[in-house]
1. Could you grab me the full set of residues in the range C:101-120 that are within 14 Å of chain D (Cβ to nearest Cβ) and part of a loop (DSSP other than H, G, I, E, B)?
2. Just name the residue that is surrounded by the fewest Cβ atoms within 10 Å (Cβ to Cβ) out of those in the range A:84-105 that are of a type in the set (D, E, K, R) and more than 24 Å from the chain's Cα centre (by Cα).
3. Against the definition (free of Cβ contacts under 8 Å to residues at least 40 places away in the same chain and within 25 Å of B:L118 (Cα to Cα)), how does B:H205 come out, yes or no?
4. How many of the residues making up the range A:104-130 are among the charged types (D, E, K, R) and within 13 Å of A:A277 (Cβ to Cβ)?
5. From the list B:S98, B:S123, pick out the single residue that is within 14 Å of chain A (Cβ to nearest Cβ) and not aliphatic (A, V, I, L, M).
6. Limited to the range C:257-288, what total is found for residues that are open to solvent by less than 20 Å² (accessible area, probe 1.4 Å), in contact with a strand residue (DSSP E or B) (Cβ under 6 Å, 6 or more places away or on another chain), farther than 20 Å from A:G230 by Cβ and within 13 Å of chain A (Cβ to nearest Cβ)?
7. Does C:S135 satisfy the condition of being under 29 Å from D:G260 (Cα atoms), buried (at least 18 other Cβ atoms within 10 Å of the Cβ) and polar (S, T, N, Q)?
8. Being over 18 Å from the mean Cα position of the chain (by Cα) and over 21 Å from D:A170 (Cβ atoms) is the filter here, so list the residues in the range D:124-144 that pass it.
Number of protein chains: 4
Amino acid sequence: MIAQNLTFVPCAAMLHTAVLLISCPDQKGLVAAIADFLLRHDANILHADQHQDAELKLFLMRVEWDLHGFNLNLDEFSSAFRPIAERFGMTWRLAESSRKPRLAVFVSKFDHCLADLLYRYQSGELHCELPIIVSNHEDTRWLAEAYHIPYQFLAMNKEDKHETESTQLAILRDQKIDFIVLARYMQVLSPEFIRHFPHRIINIHHSFLPAFHGAKPYHRAFERGVKLIGATAHYVTETLDDGPIIEQDVARMSHRDSLGDLINKGADLEKVVLSRAVKWHLDNRVLVYANKTVVFD
Amino acid sequence: MIAQNLTFVPCAAMLHTAVLLISCPDQKGLVAAIADFLLRHDANILHADQHQDAELKLFLMRVEWDLHGFNLNLDEFSSAFRPIAERFGMTWRLAESSRKPRLAVFVSKFDHCLADLLYRYQSGELHCELPIIVSNHEDTRWLAEAYHIPYQFLAMNKEDKHETESTQLAILRDQKIDFIVLARYMQVLSPEFIRHFPHRIINIHHSFLPAFHGAKPYHRAFERGVKLIGATAHYVTETLDDGPIIEQDVARMSHRDSLGDLINKGADLEKVVLSRAVKWHLDNRVLVYANKTVVFD
Amino acid sequence: MIAQNLTFVPCAAMLHTAVLLISCPDQKGLVAAIADFLLRHDANILHADQHQDAELKLFLMRVEWDLHGFNLNLDEFSSAFRPIAERFGMTWRLAESSRKPRLAVFVSKFDHCLADLLYRYQSGELHCELPIIVSNHEDTRWLAEAYHIPYQFLAMNKEDKHETESTQLAILRDQKIDFIVLARYMQVLSPEFIRHFPHRIINIHHSFLPAFHGAKPYHRAFERGVKLIGATAHYVTETLDDGPIIEQDVARMSHRDSLGDLINKGADLEKVVLSRAVKWHLDNRVLVYANKTVVFD
Amino acid sequence: MIAQNLTFVPCAAMLHTAVLLISCPDQKGLVAAIADFLLRHDANILHADQHQDAELKLFLMRVEWDLHGFNLNLDEFSSAFRPIAERFGMTWRLAESSRKPRLAVFVSKFDHCLADLLYRYQSGELHCELPIIVSNHEDTRWLAEAYHIPYQFLAMNKEDKHETESTQLAILRDQKIDFIVLARYMQVLSPEFIRHFPHRIINIHHSFLPAFHGAKPYHRAFERGVKLIGATAHYVTETLDDGPIIEQDVARMSHRDSLGDLINKGADLEKVVLSRAVKWHLDNRVLVYANKTVVFD
């Protein structure tokens, strides 16, 4: 109830910026070449962060600059940057802050992650478009309607799973979807589906100490008397629940927590961890390599 | 995306239970007298927790029992329990789980705490009625409407503050409000107002290390380069921001966090800390004494 | 560098107290019977805490009282309490604060946990005797000598493991050891050995999210890019690393942490988690049931 | 008790490296100029991290390279780098990993921080020399002796404080001390003393939520029923306890914690926070500007 004048400061996302993400074998002259290229085109660098993986001899970099004053049209960036990229064997990606990625959220019955994502989307914290929510249940339609987001219900049965996934893919194509968030979507995606969105599907997974595999993990964690429960947000790969980890966190439990408390605290944890991962993905902070991630902060 | 059968277990709140909260000078025979009383009336005790404040020689207790099989009508509890209460000089309070307290949320422009409370209310996590949201701004009306909660706008000007508070009090009386949550309500309540709700108004307050008093605390914390920001949920007393603390938590900062990041992380923290405090209050877990609280867990 | 007058307040451990730990099937009249028994003998209760496991219908209790004024000789406690214990089918244990348990620490080459335990022992934080350190290496002898604790080196070879364990057991018997802490002891104890100390051997175990079994867990966690590492302190049972959990905690990692950093942070975590578990065990706060623990706080 | 082959990997500190720390007004061409300079001298960059303070328009950088193959003698670094430094108005500092800074620890009666520092020093975690411990009490001499570190007792009385500080300064000069750690040194240093070690004295300070100034802060925090206690490590400046913050952390409290528990948990927190700050300082990760720090991680 303190009267404070909280005037939001414009953050980098509100400027018109470009982000360049690079990975390549580590070698001398890399930073000099990149810095020189940006300088020649009058880039005003806002953030630059690099990481060397000493084990794998890899160089990973994220650099963000203000496009105001940058003397290279982004359409021509690719051809201008190609000589450097080829010389150093770079894998690279350019993202422009003015272009909002298009997100589809997949959800089943549990609505805690969806509710959290919708609030953050609406408040402007998640810098994306959200044209579609896809679900195999009707339970969360009310939330989609409260936030005025189209809601696509598609029943999911074992026998016609392949067909349903085809329908989903058609919708995603139609909506020009860039990436997918599985907000407690209780269906295993097929490898074919996943191949359409490499490192562009984010999932949230309970993860206990020690790990409980299989069904009813919260029940088993409760029986075991764990003192912490965890959650992991990761990219979905064809190896079930084994994709590159983006973020993890834990919450403390005690013997006083009932199974219901444990599930509630798990839900709270899942939404926080998932939202962080989605935000970092949207801010182009996550670089995947060798089944792990660098999260540039 | 793991298929787990998550069937919610009924928690104590779904049973029909009674909670007795007691504080009195510590003395021999207390527990025996209370336990004997409950046994004589066939109470099936679900939880019992007690605390001795060794400094102040105080005894504090929370006991919850199943009303199924309890052979005393709650209307007669007071007269039946009186002899024990008087013998030991007890301050006590009885709450019945089937009676949901009626909550009014006060809010100004920031909507993060309100959105979080509404989601938790709607999902059944907060065991209360929420008949009214009161605000000195129109900004958050859309949220109230999405969750179908009546929204009362009352402009707040310095000159007629006293009058506006009177109108608020009339509304609260009308709605039979039991307690108030200040969900980032940016107005200082008058002592007269507070006296109507002793230890029944919960506020959320930023709290930094070191503490920054006065205006724009986030700006000042940013200038000082703090590595942690905090939030405190407390009962409102007539001493500004100095009431009994219910819950506190912190979030980590680094030099990479802009002022905007700091404000966002502060908001996330505020809503989590406030929601925990409200939940504990509703579960009759919080006992106030000597300007501090016991939170029975 | 602030001049504060820090005069340590005497804590309960410095009083002459008794702790009673009880577990039995939950039933009406339990608390009344125990409270009445203690009242009849003029016990001045300092702490009482109870827990109901609703799943297993179990009642678990810890009660601590000042022995000053208690009108029952502890030698006669057992026969005086027997009628109540038998009536309710109790498993119970009485501990007296003036009697310090005798601890043996087992250690191999890593000394971080040992160093932490020794410092806490010396400072009076761990309320026990520490008559012997047992090791299969000579590396940590210098630490034992700095703190003036006898150090027993026993080479451990696969072929004569059984014989070495017999020697260890003889030493433990000789020293009247009550419980053992495995402070990064890199040998698997035989079931026979463990049977001599049921729920009286505490081990510290790395535990990652998700769990990494087998050799070189830190290396594997590093390869997987985990964002958290964990540690678990547990009682040793015959099922390897699967005994009742006493305490767990985590530390945060980022891509900037080298494998060396990860190992260092893991070591720091291990010692903190182990020390907490040992302290709680010594304070008679840990009650084991159904392969889990209640840690009364 | 798991048999894992833990073979320590050599970390950067074990290579022969150089670290360059730079701060200057942010401007185009900075990174290119530095990268080009290092490339021309065949530096093999191991880590590079930079930060832009958007508010103050400052550029801050840390770059570390392997000296193996670097074709510039470090004696000549200064003159070779001067043109760039002058062109961009840089404040800079070069550190060589093979040269261990010389640390003096100041301590009074509380020994928890000293014990922790000594263990980490002995284990090789703190990359420094530790030729002297200075104290105004004899209480911690036993610890110094266990680790074979010279211990200088100097009584501190109000009347001859200035003289004692002169003696201290002479000892520090004599021992060629680079920086000082106040490991719970309960004396206020004079501004004259501090001026000899600008941003080279690290102190550990309790910091509560809300902040408690003045004497007996733990007592006052206990009375107020705080749910968290904190600690802050900072550089000592002439403004008491208001120097640039290096690290902060908190520990959770409940009503069950006695004042003694609170003091113990505070002590545990203080040593962890102080050790982190000292380690980062030694790794040349901390850059001070505008009364705050960048901690390059």
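The values are calculated or read from the model by the stated rules, or taken from the named source; none is laboratory data. Just so it is clear, the model here is predicted, and its values are computed rather than measured. Glycine also receives a Cβ, built like all others from the backbone with ideal geometry; neighbour counts cover every protein chain displayed. Surface areas here come from the heavy atoms of the whole protein model, side chains and all, with no ligands, DNA or RNA. Shrake-Rupley method; radii C 1.70, N 1.55, O 1.52, S 1.80 Å.
1. Result: C:S108, C:K109, C:F110, C:D111.
2. My answer is A:E86.
3. Numbers: free of Cβ contacts under 8 Å to residues at least 40 places away in the same chain: yes; within 25 Å of B:L118 (Cα to Cα): yes.
Yes, satisfied.
4. 2
5. On the way: B:S98 fails: within 14 Å of chain A (Cβ to nearest Cβ).
The match here is B:S123.
6. 2
7. Details: under 29 Å from D:G260 (Cα atoms): no; buried (at least 18 other Cβ atoms within 10 Å of the Cβ): yes; polar (S, T, N, Q): yes.
No: the conditions fail for C:S135.
8. Here is the first cut: in the range D:124-144, the ones over 18 Å from the mean Cα position of the chain (by Cα) are D:135-144.
Correct list: D:D139, D:T140, D:W142, D:L143.
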